[in-house]
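First up is the structure itself, then whatever we jot down about it.
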Amino acid sequence: MGFKIPLNPIQDSRFFKELWSKEGKESELGREFADCEIEDGYIKGLGIIKQPKPKLVEETGSFNKPPIAIVLHRTNSPTAKSTLNHWDTSLYGAHFLIDKDGTIYQCASLHQWTQHVGDIRSRVEVEKTWDTNEKMLIENMWKEKTSYSARKTKVSNYEKKKPYPNRYPISSDSIGIEVVGEYDDNTKRYPNATLKQLGRLEQLVRVLFELYHINKTDLYAHAKIAYKDTNSTEGVSLLEYLRSKL
């Protein structure tokens, strides 16, 4: 049947009441938590708009166990509307989308995973924590006389067999959050997120931390764990911001 969010603490709102107390009952965030609940894997509250995109989970499934990480993305689109329209027909997308004005759209249930990561990099290769044997094994994969796409997929498939955190998170064990922002070919980077986007992102991540008992070591920028833009900037500034706040 797969993993589902534990029902009792969610249905009777104890989960969000605990967050209410933890954040401070008189604080703005604390008051927002007091009015939250979760229904069928969708968060009700925090101004989150439920906007399911069935195509995103058409070829996926339920989480087999609680998600172990959060992956931060940028949309490479100018507006939330353009991304939402794209997700009407795309198999690839994330659970949450944050618009420039701070509006959060939840487009997939937290009971199901979406295809938002793709092939992952070798963690031991990136962080240079491999031993001699594994270094040779991975380097030999990269030397094979096949296409780059075939080689990176082979390395990724090798990595996916490892338990987390010996590898980076994959789609089927992580939550994806997209923040609207279009890549600038001139500056070779994504624009800074707006203050409203950052504020709402922080609130959402706090809820997910508490819900899944994870922390900022389980937060990742998509560019750093997958094969994205050449300069590896997607999600990096978001990650830096959150790690400074959480």
Other-chain or far-sequence residues with amide H under 5 Å of GLY102's (modelled H): GLN197
Which whole-Hz ³J(HN,Hα) couplings does segment 67-83 yield from phi under the Karplus relation 6.51 cos²θ - 1.76 cosθ + 1.60, θ = phi - 60°, glycine and proline marked x? x, 10, 6, 10, 10, 9, 10, 10, 6, 6, 9, x, 9, 5, 4, 5, 5
Would you mind calculating the gained length between GLU127 and ASN64 on full extension (0.36 nm times residue separation, minus the Cα-Cα distance), in nm to one decimal? 19.9 nm
By count of other Cβ within 10 Å, fewest leading, how are ARG121, ARG243 ordered? ARG243, ARG121
Taking a ≥ b ≥ c as the square roots of the eigenvalues of the Cα gyration tensor of the chain, is the shape rounded (a/c under 1.5), prolate (a/b larger than b/c) or oblate? prolate
Using a Gaussian network model of the chain whose springs link C-alpha atoms within less than 10 Å, name the residue from GLU39, GLU127, GLU58 with the highest mean-square fluctuation. GLU127
Report Rg(Cα)/(2.2 N^0.38 Å) for segment 105-246, keeping two decimals. 1.14
Using θ = phi - 60° and Karplus 6.51 cos²θ - 1.76 cosθ + 1.60, couplings along segment 202-217 (whole Hz; Gly, Pro as x): 4, 4, 4, 5, 4, 5, 5, 4, 5, 5, 10, 6, 10, 9, 5, 6
What percent do you get for the relative contact order of segment 48-147 when only Cα pairs under 8 Å and 6+ apart count? 34 percent
Can you tell me the relative contact order of the chain? Whole percent, Cα pairs under 8 Å, sequence separation 6 or more. 24 percent
Just to be sure I understand the model, the point goes 7 Å from the Cα along the line to the Cβ. What's the resulting THR79 to ASN192 distance in nm? 2.5 nm
Spelling it out for VAL179: with amide H atoms placed in the peptide plane at 1.01 Å from N, the residues 5 or more places away or on another chain with amide H under 5 Å from its amide H are HIS73, ARG74, THR75, ILE98
Can you compute the helix-only [θ] at 222 nm over the chain? Use -39500 (n - 2.57) per DSSP H run of at least 4 residues, normalise by all residues, nearest 500 deg cm²/dmol. -10500 deg cm²/dmol
Looking at the chain, send over the antiparallel percent of its DSSP beta bridges, to the nearest 5. 40 percent
From the cross-link list LYS128/LYS245; LYS152/LYS188; LYS224/LYS245; LYS152/LYS196, which pairs have alpha carbons spaced over 25 Å apart? LYS128/LYS245; LYS152/LYS196
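Only the coordinates and a few stated rules stand behind these numbers; no lab work does. Just so we're clear, the structure is a prediction, and the values are computed from it rather than from any experiment. Note that each Cβ is placed from the backbone with ideal geometry, even for glycine, and that neighbours are counted across all protein chains shown.
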